[in-house]
Amino acid sequence: MRKNLFILFTALCSITVLANGQFEKAMGKNIPAMFTAETPEALQGVINQLNRIGEAETNRWEPYYYIAFGYIRMSDMHENGEEKDRFLDLALEAVEKAENIKPNDSELEAMRGYVHMMRLVVDPATRGMKYSGMAFASFQKAVQLDPTNPRAHYLLGRMQYGTAQFMGAGDGGACESFANAKALFAEEENADNPLAPTWGNETNNEVISMICEKGGE
Amino acid sequence: MRAIILLPFLFICSSLFAQTTISGRVAEKSGEPLLGVNVYIKGTYDGATTDINGNFSFTTYEEDSLILVASFIGFHEINLPLSKDNEPLLIRMREKVSELNAVVITAGAFHASEEGKREVLKPLDIVTTAGATADVPGALNTLPGTQTVGETGRLFVRGGDGRETKTFIDGMLVHNEYSPSAPNTPGRSRFSPFMFKGMSFSTGGYSAEYGQALSSALILQSKDLAENDRTDISLMSVGADVSTTQATENSSFAGKVQYTNLTPYFKLVDQNLKWDKAPEEYNSNLAYRVKTSETGMLKFYSNASRSDMELYESDIANPELELPVKVQNDYAHFNVSYRELLGENWGLKTGASFTKSDDFAALDTESRDQNLTGFHGKVVADYQYSDRLGILGGVELIRRNVDQILSDESGSFEQDFNEQLGASFLEAEWFASSSLGFKAGLRAENNSLTSKNTLTPRLSAAYKTGDKSQVSLAYGQFYQAPQTQIILSQPSASSEKATHFIANYQWLSEGQSFRVEAYDKRYDNLTRYSQVFDPSTYAFDGYGYARGLDLFWRDTKTFKNTDYWVSYSYLDTERAFKDFPGSFTPTFASTHNFSVVVKKFIDEIKSQVGLTYAFASERTYHDPNTDRFLSGRTPAYHDLSFNISYLYSNQVIVHAMVNNVLGINNIYGYEFADTADTNGVYAGRAITPAARRFIFLGVFITLSKNKGINQLPNL
């Protein structure tokens, strides 16, 4: 009896003590919300929540990883190049915060490359030179840091395809990268960290059917 | 029993975790509500995002000495200790003035950079402009405020002479920035546009950091660390070059060697001039950059070249008589600069440059050998007091030694001078808000030759009139030493002075920009003489004015894959200088200048094509056969140029260009014999281009591990 009561008491009183449980619960709610938010206002709300979590949990990189993704989505929701850049600055800032907590991480390096790639898209003619080099370098480094990271392969493929199209023709090796990503997505498990990134499988399959299964042109 | 035991616990619990509601409203200083602000209890997950009315509300179990944080992009963060009264809060946030939202003082200046969104031009635009032949001044000559002076190719800005525009690389002055060219052929800048990541072309009212230019400052920023290793080979109808870039994490090296020889070209394409030795040039560019720390950068740059040409020029009075002309130039420029942030709010820039130029020119038995040695050292510190106030100050020393030997059959005559200019400058930039900014600067100069001190103010202001539009104003005084020959003859010759008033309106939207600028420029202390080699005829009381209106429209949006811009300049100018018997419109000025630049990428043929049309109205010339000074008028100038870059493969690009496609016979002016013939008539002839058209062909090959890289962005 006393034991039961004690359990009840701790359950009621230790909401803040059991910080980990709270962290995972809060992240578990905000990660899908970040992917599904449809307006800049809703997305900003999710980013704000992730920011609060990130500031409270000073040793967790995950909030900043998803903030970076959130700002990439936010950048995508805006038309104006100057505004796009402003959100990409914030995305990069978030990647860097996460990297301070977890240096040399394949997922974060891939996210950094993703920001560079989006930067390039804002003005390919002028920025091609600089940002294609930076994006390629990041994706290649991400593959090197963890060859089993499917997102690194998928993003590398997008960059290869975009460059080949900009230059005229071909896939620039993109389909090989997408195929690598597909195999890795199939094996992906996140047993040790349920908050680690899992996104990308669906879009990877979509680009494969759009680009690679039509003969590669 | 159970309840009795449980109750006190529950009581303890609920008092420990009493739920509090925190609510309120967040607004700007002006009262405008802010949407999307993150309001939360510091160190917790508890918080909310403000709605469209700036309202927020959330609950927390936290208690005691809580700090409420309001955080929003572009605003100063608020940290507020919470009291326990649960009253709704009203939080006022103040906007941060940052590069992103602050009004930019644009009066007088065209900025270009790879990154900036609010700039009218990109460095890339320089190299893709038809007719510009990948030359920086060539492309800038399609902007309003410049006057086409086809026989020199230099930047003549708002009624100013070509020498009234000075070029600065990484803050350092460049002497003799143009390569020598054949008579009546546009000279090219020695500096390749590929070296620069940004530039600011000021057509007046520029910063107190720069001096010794009456009309215009062309401020170039060289590229930082290179990202990729690459090697480029260019095979051109006028020569060949090889360049390589090697990058490591913290340093990069770039080198380019170029050899140009127009002999084969002149054999193929008829020239109006009779050549003995077509222009030949060896040119090398070396750049080395080291990242000395997270924020520090050390840059070395050198340019060395040797060029020469020989031709025959017929005598004006006696066209049968052909006189040999010889032009030679040896040039070396070395530039080192260093910048670093000293703490959070302090920045330091320092640099030194050294130039040596040896110019030799001969016409028949007369020759001029001019040697210039230049040094420039500079230290600039800047302090950011707050997001709204920044101060920049510095000192510089500019030394120039010029030695000239004039020779003819009767002997030789040597002149030289040693000029030392010491300058200090201070400039403050203050933003009353993100929509209203002011800049005030003061420049003090001491010239060792005239022993005079000058103090010149520079003022400017800008006000955002809307999301996309702004107005700005600028005022400034500028001094410049007179032309070299005057100082050689009389080293104590007074400096010339210009005063600028500029008003500008700019409208910038995604893919479209419009600007209009009106100006009034006054000249004082211009050098007058009746004989340029005779200092006893010098007077330093010349004067003049230039006023006008510049219009610019650019649109990259309306037509798919098409970018075009239109420039128009109206100029009204007169000056009393040199040997003018009064106030007249000088020969280099034209009232109307108009140009249209069009660039289009055509997917079907994987090619970028460009067209440039330039028009300049009539220019004055003096015909000694009439009594009225400068009463002659040339025909108007027209030029239509075309270029095409074809992407043969990822690494190979073919480029072709034709200037003056229509073959219009442009006349820049008329020149007359020094003495009248037996009938009392001064023989004359038109000054025309050396060839009607210029045709250029080139193949550009890139070798790089990164297959995505080629020279397309360079063409």
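In table form, for the structure just shown:
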item	result
Per-residue ³J(HN,Hα) for the stretch B:590-596, Karplus 6.51 cos²θ - 1.76 cosθ + 1.60, θ = phi - 60°, Hz, x for Gly and Pro	10, 5, 10, 10, 9, 8, 10
At R0 = 30 Å, FRET efficiency that the Cβ-Cβ distance of A:Lys29 and B:Asp85 yields, to 0.05	0.45
Inter-label distance for B:Leu298 and B:Ile605, nm, one decimal - labels placed 7 Å from Cα along Cα-to-Cβ	5.1 nm
Compactness of the stretch A:14-103 as Cα Rg over 2.2 N^0.38 Å, two decimals	1.11
Inter-label distance, nm, simple model (7 Å from Cα along the C-beta direction), B:Leu703/B:Asn453	6.0 nm
Over 25 Å between alpha carbons, listed pairs B:Lys277/B:Lys578; B:Lys356/B:Lys439; A:Lys102/B:Lys42; B:Lys291/B:Lys356; B:Lys299/B:Lys439; A:Lys84/B:Lys42	B:Lys277/B:Lys578; B:Lys356/B:Lys439; B:Lys291/B:Lys356; B:Lys299/B:Lys439; A:Lys84/B:Lys42
Under-5 Å amide H pairs with B:Lys197, H placed in peptide plane, nonlocal only	B:Gln221, B:Ser222, B:Lys223
Cross-link partners of B:Lys274 among lysines (Cα-Cα below 25 Å; sequence separation of 8 or more within a chain)	B:Lys326
Once exposed loop GluC sites (Glu not before Pro) are cut out (DSSP; at most 10 other Cβ, 10 Å), longest piece of chain B	B:410-715
Sequence of A:Met159, B:Met309 once ranked by neighbouring C-beta atoms within 10 Å, starting from the fewest	B:Met309, A:Met159
Those aspartates and glutamates that a straight Cα-Cα span of less than 18 Å connects to B:Lys521, excepting residues fewer than 8 apart in one chain	B:Asp161, B:Glu164, B:Glu496, B:Asp541, B:Asp550, B:Asp572, B:Glu574
Förster radius 22 Å - calculated FRET efficiency between B:Ile664 and B:Thr558, Cβ distance, rounded to 0.05	0.15
Theoretical ellipticity at 222 nm over the protein assembly as shown - DSSP helices of four or more residues, -39500 (n - 2.57) apiece, nearest 500	-7000 deg cm²/dmol
Label-point separation, B:Asp524 to B:Tyr545 (7 Å along Cα→Cβ), nm	1.5 nm
FRET efficiency estimate (nearest 0.05) - Cβ-Cβ, B:Lys326 to B:His76, R0 45 angstrom	0.10
Low-density loop positions, chymotrypsin sites (Phe, Trp or Tyr not before Pro), the stretch B:562-642 - DSSP coil, at most 15 other Cβ in 10 Å	B:Phe629
Potential lengthening between B:Glu32 and B:Lys197 on full extension [0.36 nm per residue; Cα-Cα distance subtracted]	55.5 nm
Charge sum, other residues only, whose C-beta stays under 14 Å from A:Leu90's C-beta, Lys/Arg counted +1 and Asp/Glu -1	0
Cα centroid separation - the stretch B:276-306 against the stretch B:428-448, whole Å	32 Å
Normalised contact order of chain B, rounded percent, pairs of Cα under 8 Å and 6 or more residues apart	10 percent
Label point 7 Å beyond Cα of B:Ile695 along Cβ direction - residues of the stretch B:232-273 with amide nitrogen under 14 Å	B:237-238, B:264-271
Contact order relative to length of the stretch B:567-715, as percent, for alpha carbon pairs under 8 angstrom and 6 or more apart	17 percent
Sites matching GluC sites (Glu not before Pro) across the stretch A:124-200 that sit in DSSP coil, with at most 12 neighbouring C-beta atoms within 10 Å	A:Glu189
11 Å beta-carbon shell around B:Leu220, net charge (K/R +1, D/E -1)	0
Backbone N within the stretch B:646-682 under 19 Å of label point (7 Å from B:Leu235 Cα along the Cβ vector)	B:646-657
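Bear in mind these aren't lab numbers, they're just calculated from the coordinates by the rules spelled out. Remember, predicted model here, so these are calculated numbers, not experimental data. All Cβ positions, glycine included, derive from the backbone under ideal geometry; neighbour counts span all protein chains shown.
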